[in-house]
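One structure is given here, and the rest of the page talks about it.
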Amino acid sequence: MLDFPNDPNMRLRNSSVDGADGSQLFEDTSGAGSASQAGFPGQSLLSDPMSNLAMAYGSSLATQGREIVDKNLDRFIPISKLKYYFAVDTVYVGKKLGLLVFPYMHENWEVSYQQDTPVAPRFDVNAPDLYIPAMGFITYVLVAGLALGTQNRFSPELLGVQASSALVWLIMEVLAVLLSLYLVTVNTDLTTIDLLAFSGYKYVGMIVGVVAGLLFGRPAYYLSLLWCCAAIFVFMIRTLRLKLLSEAAAEGRLVRGARNQLRMYLTMTIAAAQPIFMYWFTYHLIR
Amino acid sequence: MSGFDNFNTDFYQSSYSVDDQNQGGYGYSNTENPYNKPYGQYDYSQPMAYASPGMMPPQQPYTGQIFQPTQTYTPSQSQSMYSSSFDDEPPLLEELGINFDHIWQKTLTVLHPMKVADGSIMNETDLAGPMVFCLAFGATLLLSGKIQFGYVYGISAIGCLGMYCLLNLMSMTGVSFGCVASVLGYCLLPMILLSSFGVLFSLQGMMGVILTAAIIGWCSFSASKIFISALAMDGQQLLVAYPCALLYGVFALISVF
């Protein structure tokens, strides 16, 4: 026997109906509420005021949740600071790629400032950006997949393995540089994201080497990799010199002193680590 | 029911116009006599009466008796309201949000990469067209014997997420995920041409390589053109086109190999 006041189905569907008001002998299948335009049966779930309340609460909860996520995300990953590194345009990217491959003719490596804040990469070719490293990383993973595919060693899991190992080594490199900067107590305005950007520039050379190797064979791979390694070495030295060394040493004058020597060694080590990584990550792709 | 006047431009502003007056009268805001829906009074012989009894003013106290159908509202009034609501209710496609005209317009924008795109066409997030294109792409792959729907969906999801992050970081105004998914889905249309071509001819020769490169270029060019015009980014078209080209390159890899 159907028990109206306590029947959960009844209560759910017509929860607005008071228990005593058991005027229905059978289930109410009509739309009991707001969907006056729909007019179809079966709208009762949406039109029920309790479920309206639930929906309103749910959507406000979702908005609140979203705000919390945004706020916390901003605390861990500073979105506005990241936006600075992506404020690039095509001309900048073209010039920067040219610099990464051929840094020998460039004269002025200073980052220009505008009232204490560095100028956006769009306006200054010396400023670091994150677009090139990000695109370089993704392209590297895809080109590695392509290279493995031509050797018939491809599988989608391998792509993930390549991507994660490259990412982990990148993070470790950035952490190592940060640690060494801390130990040497260099007073510099290099931020973590700057270091990430500089470490990411080597992917460009790696991609050039691998593509050359895929198209023209092993000798081409070695030649292009050699060229790119030299280029990135010079690029890093010239860029970091201005940031890490003191003013005088950066201008090229000989400054004696243990601290400056230490900083010079640090710069050389960071710059030398790049070609090593470049070779390590690409040699197994060209067989 | 505001959407019926300006059907073409403000299509999506016609939402289901919830009858707020009746909403306000319902249970949680009205403590006096909230729950008085005389359900027993339906006239089931008339299909029109299926519409809600909420049309009636909810302030009416229930004066009937239990198990006895009583008329506490004038049926004629409610029926006329029901009949008008049934006639005035929006057609099914509009309720679902599928506007064939807009879908066709957007498809034409993709198919003419040289034509300048209108920035406002992407104001409505329309995922029906992209869904159709994804399914068509999977179907043409199926025709060449590759059952790889999973890869198509997975790659499109990851690609959309990546583009969403990148575009939000690169543009001044943000962009919503639905908009990104919609644009990328629409520009998948030339890829369907490639895979249907691959059903008949092998794509692994020199001609296949050239065709693949051309189609990837076409897809990414249209996608970047739409993004640039919708987000008002200047001097960044190639920068937006490159990640799109990577994404469509992966799709092309699926259809070629």
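The values are calculated or read from the model by the stated rules, or taken from the named source; none is laboratory data. These figures come from a predicted structure and were not determined experimentally. Cβ: placed from backbone, ideal geometry, glycine included. Neighbour counts: every protein chain shown. Only protein heavy atoms, including side chains, enter the accessible area calculation; ligands, DNA and RNA are left aside. Shrake-Rupley method; radii C 1.70, N 1.55, O 1.52, S 1.80 Å.
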(message) Exactly one of these conditions fails for B:Val116: (1) modelled with pLDDT under 75; (2) within 26 Å of B:Ala230 (Cα to Cα); (3) open to solvent by less than 50 Å² (accessible area, probe 1.4 Å). Give me its number.
(response) (3)
(message) If a residue must be within 11 Å of chain A (Cβ to nearest Cβ), of a type in the set (S, T, N, Q) and open to solvent by less than 30 Å² (accessible area, probe 1.4 Å), how many such residues does segment B:236-257 contain?
(response) 1
(request) Check A:Leu215, A:Leu170, A:Leu240, A:Leu181 and return the single one that is within 30 Å of A:Met105 (Cβ to Cβ), open to solvent by less than 60 Å² (accessible area, probe 1.4 Å), without any contact (Cβ under 8 Å) to a residue 40 or more places away in the chain and out of contact with any strand residue (DSSP E or B) (no Cβ under 6 Å at 6 or more places or on another chain). (result) A:Leu170
(request) Just give me the residues in segment A:112-131 being surrounded by fewer than 17 Cβ atoms within 10 Å (Cβ to Cβ) and among the hydrophobic types (A, V, I, L, M, F, W, C), in sequence order. (result) A:Val119, A:Phe123
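Conditions (1) without any contact (Cβ under 8 Å) to a residue 40 or more places away in the chain; (2) more than 17 Å from the chain's Cα centre (by Cα); (3) away from chain B (no Cβ under 11 Å), marked per residue:
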{"site": "A:Leu82", "(1), (2), (3)": "no, no, no"}
{"site": "A:Leu99", "(1), (2), (3)": "no, yes, yes"}
{"site": "A:Trp109", "(1), (2), (3)": "no, yes, yes"}
{"site": "A:Pro118", "(1), (2), (3)": "yes, yes, yes"}
{"site": "A:Arg122", "(1), (2), (3)": "yes, yes, no"}
{"site": "A:Val125", "(1), (2), (3)": "yes, yes, yes"}
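Would you say A:Tyr57 is of a type in the set (Phe, Trp, Tyr), under 25 Å from A:Phe123 (Cβ atoms), within 13 Å of chain B (Cβ to nearest Cβ) and part of a helix (DSSP H, G or I)?
Values: of a type in the set (Phe, Trp, Tyr): yes; under 25 Å from A:Phe123 (Cβ atoms): no; within 13 Å of chain B (Cβ to nearest Cβ): yes; part of a helix (DSSP H, G or I): yes.
When the stated conditions are applied, A:Tyr57 does not pass them.
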(message) Taking the condition of being touching a Phe, Trp or Tyr at 6+ places or on another chain (Cβ under 9 Å) and open to solvent by less than 50 Å² (accessible area, probe 1.4 Å), how many residues in segment B:198-210 meet it?
(response) 2
